[in-house]
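Quick note: the coordinates plus some simple rules give every number you see, no bench work behind them. Worth saying up front: this structure is predicted, and the values here are computed from it rather than measured. Cβ sites come from the backbone with ideal geometry, for glycine too, and all protein chains shown count toward neighbours.
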Amino acid sequence: MKRLQVSQRLGGREAIAPAGGERAGELREGYEQLRAELQMKCAIGLGSNLENSLAILESAIAKLNQHEAIAVVARSSWYKTAPIGPPQPDYINGCALLEVRCSPTALLETLLAVERQFGRVRRERWGPRTLDLDLLLFGDRILDTPALQIPHPRMKERAFVLVPLAEIAPDWKEPISGETTAQLLEAVDCSGVHLFLHRSMSAIPEPPKILQQRLFYRGRKFNFDVNRLRLPNGAEGDWECIRHPGGSLGVPFTADGQLVLVRQYRFALQGRLLEFPAGTVEAGESPLSTIQREIEEETGYRAKQWQDLGRFPIAPGYSDEYIYAFLARDLEKLERPPAQDDDEDIEVVLMSPEEFEEKARSADIIDGKSIASYFLARPFLKG
């Protein structure tokens with residue numbers, strides 16, 4: 001009989017997947033049963049009303065989906081809600097459904113850790129926050145401890161929770177009342193909850209079944225792993241993937257109508273590329289704070305106005321990296337700009353939008369993320 005291979009860690013236990021042999025079918029059946037026992041469907045609420053809320057919320061979902069014990073299986077549209085408490089910006093709220101292989105307490109600890117990564121500090125009840133993640137439902141579990149209550153004790157009275165939750169799980173029964181989320185929604189006033197951004201089908205994850213995962217390389221900015229997967233359509237195969245925390249890019253635009261680019265040496269292409277300033281989202285940073293830092297370091301400018309242009313995958317065939325794009329306006333030149341990184345070779349270049357488009361057509365500008373971000377920003381450059 002062939003040796004067994006460790007497939008992956010599930011809920012703190014090693015799950016063993018058979019590699020073959022006489023009892024392969026029997027062992028695989030037991031393995032699949034173990035996975036099913038450990039998996040639990042959960043619902044969480046998300047909210048933010050500080051910094052670039054939409055980018056933070058999208059980043060939080062991506063961060064959760066990268067966790068080894070969590071898969072995001074559905075997500076709602078985003079809704080804008082007036083805040084409760086002291087004067088503060090409106091909230092953006094939504095919900096997501098997760099499949100998890102951990103305990104409720106472990107999931108709560110993960111949610112709190114993600115909040116901290118995005119700068120959440122708990123000072124004032126009902127106060128503003130960069131990120132709020134609430135565990136709403138954990139299967140049909142009922143839990144009442146000083147640290148955690150499931151179902152969430154206030155979800156039944158919160159329209160900003162029930163509206164997005166009923167969108168993605170209308171038939172889920174709240175285990176104490178026995179009522180579905182759709183029924184609970186009928187009992188609350190929804191007039192203060194307004195659609196902000198409708199979900200698209202492409203935004204709903206369809207996670208594959210991971211049969212085996214091997215980490216080949218852990219780097220400073222990304223990891224590389226090889227995965228044996230079963231796709232949603234049942235096909236099986238091996239896929240390599242570069243795991244990347246994501247990058248932020250800014251399209252800086254001056255008051256006199258100039259775009260601010262950098263000419264930067266890129267080792268992979270053995271030459272200098274014209275591109276917009278960009279950088280990797282570091283641990284504990286939001287995409288907005290990342291590009292604010294990068295623009296100051298790479299160009300010596302500081303922007304007072306920021307506009308979220310959305311996000312897009314950079315190479316979905318082999319990487320999970322997303323680029324978060326922003327338009328940066330109302331620029332001021334810093335008297336003492338931060339020092340550039342020691343390993344960078346950068347020159348600042350200014351040009352008009354017309355020059356940018358001409359250089360893109362003539363292949364003088366070939367950086368795909370810069371070209372895509374420019375056309376996302378283009379409708380706003382003359383406003």
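With each label point set 7 Å from Cα along the Cα-Cβ vector, what nm distance links ASP345 and LYS41?
My value for the distance between the label points is 5.5 nm.
In debye to the nearest 20, how big a dipole does region 272-383 give about its Cα centre with +1 on each Lys and Arg Cβ and -1 on each Asp and Glu Cβ? Kindly include the intermediate steps, with their values, before the conclusion.
Numbers: 13 positive and 25 negative charges, 135 e Å.
With Lys and Arg at +1 and Asp and Glu at -1, about 660 debye.
What distance in nm lies between label points placed 7 Å from Cα along the C-beta direction at SER319 and ALA268?
0.4
Beta carbons within 10 angstrom, averaged per residue: use that to sort the peptides 321-327, 187-193, highest first.
Listed from highest to lowest mean packing, they are 321-327, 187-193.
For the pairs LYS63/LYS156; LYS173/LYS221; LYS80/LYS304, note any where the Cα-Cα span goes beyond 31 Å.
Beyond 31 Å between Cα atoms: LYS173/LYS221.
Which shape class, rounded, prolate or oblate, goes with region 162-253 when its Cα gyration tensor gives a ≥ b ≥ c as root eigenvalues, a/c under 1.5 marks rounded, and past that a/b bigger than b/c marks prolate?
oblate
Across region 160-176, in residue order, what do the Karplus-derived ³J(HN,Hα) couplings come to in whole Hz, using 6.51 cos²θ - 1.76 cosθ + 1.60 with θ = phi - 60° and x for Gly and Pro?
After applying 6.51 cos²θ - 1.76 cosθ + 1.60, I find 5, 8, 5, 4, x, 5, 5, 5, 10, 8, x, 9, 5, 8, 5, x, 7 Hz.
Through the Karplus equation 6.51 cos²θ - 1.76 cosθ + 1.60, θ set to phi - 60°, convert the phi angles of region 280-287 into ³J(HN,Hα) values in whole Hz; use x for Gly and Pro.
6, 6, 7, 4, x, 9, 8, x
Show me the ranking of peptides 277-287, 39-49, 218-228 by mean Cβ neighbours inside 10 Å, starting with the highest.
Descending mean neighbour count gives 39-49, 277-287, 218-228.
Going by a ≥ b ≥ c, the root eigenvalues of the Cα gyration tensor, does region 191-321 fall in the rounded group (a/c under 1.5), the prolate group (a/b larger than b/c) or the oblate group? Please report the intermediate quantities before stating the final value.
Details: a/c = 2.54, a/b = 1.41, b/c = 1.80.
Oblate, because a/c is 1.5 or more while a/b does not exceed b/c.
How charged is the neighbourhood of PRO164? Take every other residue with its Cβ under 11 Å from the Cβ of PRO164, and add Lys/Arg as +1 and Asp/Glu as -1.
In short, +2.
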